[in-house]
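Quick notes on the structure that follows.
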Amino acid sequence: MILEELEELEDIRAYDKVKAKKEKPIPLADVIQQRKKRKV
């Protein structure tokens with residue numbers, strides 16, 4: 001449970017960081033694929 005909360009917090013921080021930089025958004029399918037690779 002705590003690990004899930006930490007992962008969610010990491011996602012929120014990454015989102016905030018990208019929004020602040022006003023970078024081009026990454027397609028959802030790419031993000032999902034990257035997260036699957038990270039968990040392996």
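The values are calculated or read from the model by the stated rules, or taken from the named source; none is laboratory data. The structure displayed is predicted, hence computed values, not measured ones. Don't worry about glycine lacking a Cβ; one is built from the backbone with ideal geometry, like all the others, and counts go over all protein chains shown.
What the table shows:
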quantity	calculated
Which numbered condition residue 37 fails, given (1) surrounded by 10 or more Cβ atoms within 10 Å (Cβ to Cβ); (2) modelled with pLDDT of 85 or more; (3) not small (Gly, Ala, Ser)	(1)
Any pair with Cβ under 9 angstrom, 6 or more apart, that starts in the range 19-40 at a residue that is free of Cβ contacts under 8 Å to residues at least 60 places away in the same chain and on the phi < 0 side of the Ramachandran plot and ends at one that is assigned to a loop (DSSP other than H, G, I, E, B) and not basic (Lys, Arg)	34/26
Only listed residue being at pLDDT 90 or above, surrounded by fewer than 10 Cβ atoms within 10 Å (Cβ to Cβ) and in a helix (DSSP H, G or I), chosen from 10, 5	5
